[in-house]
1. What is the dipole size for the stretch 113-191, taken about its Cα centre, with +1 at each Lys and Arg Cβ and -1 at each Asp and Glu Cβ, in debye to the nearest 20?
2. Using alpha carbons only, what's the Rg to Rh ratio of the stretch 74-158 with Rh from Kirkwood?
3. Please report the carbon-and-sulfur percent of the accessible area for the chain; probe 1.4 Å, protein heavy atoms only, DNA, RNA and ligands left out.
4. With the cut-off at 17 Å, report for the stretch 107-220 the share of all Cα pairs above it, as a whole percent.
5. Can you tell me the 0 to 90 degree angle between the C-alpha axis of helix 3-12 and the longest principal axis of the chain, rounded to 10?
6. Sequence-distant or interchain residues sharing an amide H contact under 5 Å with His136, placed H: which?
7. Please work out the average accessible area per residue across the chain, using the 1.4 Å probe convention, and give it in Å².
8. Given Cβ point charges of +1 (Lys, Arg) and -1 (Asp, Glu) and nothing else, what value in debye, to the nearest 20, does the dipole of the chain about its Cα centre take?
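The values are calculated or read from the model by the stated rules, or taken from the named source; none is laboratory data. Bear in mind the structure is a predicted one, so any value in this text is a computation, not a measurement. Every residue, glycine among them, receives a Cβ derived from its backbone with ideal geometry; neighbour counts consider all protein chains shown. SASA here: full protein model, heavy atoms, side chains in, ligands and nucleic acids out. Shrake-Rupley method; radii C 1.70, N 1.55, O 1.52, S 1.80 Å.
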Amino acid sequence: MDLDTIRSRIAEHGLSFRGAFHPKAPREREREGPAAERWEGEGTTPGETLVLVGFIGAENWPTFAASPEASDGQPNPLDRWSSRVIAAIAVSLGATPLFPFDGPPFLPFQRWAQQAEPVYPSPLGILIHPDWGLWHAYRGALAFAEHIDLPPPDPRPSPCDSCADRPCLTACPVGAFNPAGYDVPACVAHLAAGAECMSVGCLARRACPVGPEYRNVAEQARFHQRAFLMSQR
């Protein structure tokens, strides 16, 4: 198996390659929180090579939007679509599918992401990428038993390091993002009142100057805002 074949198969199914790494490398054996303990405690590993799969901006949205899951009226359409599609990719490549929404306890996808590509925690808590900014997501992973050759890690630093103004921290109409953390009740109350954020997406997230061309399209933004609000009720 080679990385070009994996990339192509992922793209054929309407998803994006989101980096890869070797879980058994010495620098990646750190235990971090209950999710990592759960994984190691089961006496297994994600294999020799772990490939992350997800969304980049609005690029992958049309494929999901045209799927049966998107219109069947059943709960968790995006998770169900991701499970079906990534499982199919895994079967075709001889890999094991893994998902960030299977839990609790949950697998350490945020930690894996930081090992697979140059993403870093932003002031909003979302991982930021030097190109795509805050407009990306992880929908699953493919665990391969074999050691697949990978390119050297991308050394680029977090774009937040050179962002002096931090507009993301001042753009929220109700100040939900502050040094104390994320005020979820304030955010939820604002959305429930019919805030602009429900139609265009989180204003704090949109204020980030990195990768504005990758922002979610309107339908995609509304979908995620509705899903978030429903999850909090």
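1. Working: 3 positive and 8 negative charges, 56 e Å.
That gives a dipole near 260 debye.
2. Values: Rg = 14.4 Å, Rh = 14.5 Å.
Ratio of gyration radius to Kirkwood radius for the stretch 74-158: 0.99.
3. Working: 6360 of 11640 Å².
C and S atoms contribute 55 percent here.
4. On the way: 4001 of 6441 pairs.
Looking at the stretch 107-220, the distances longer than 17 Å represent 62 percent of pairs.
5. Orientation of helix 3-12: about 50 degrees from the principal axis.
6. Gly57
7. Values: 11640 Å² over 233 residues.
Result: 50 Å² per residue.
8. Working: 20 positive and 26 negative charges, 107 e Å.
Computed about the Cα centre, the dipole is about 520 debye.
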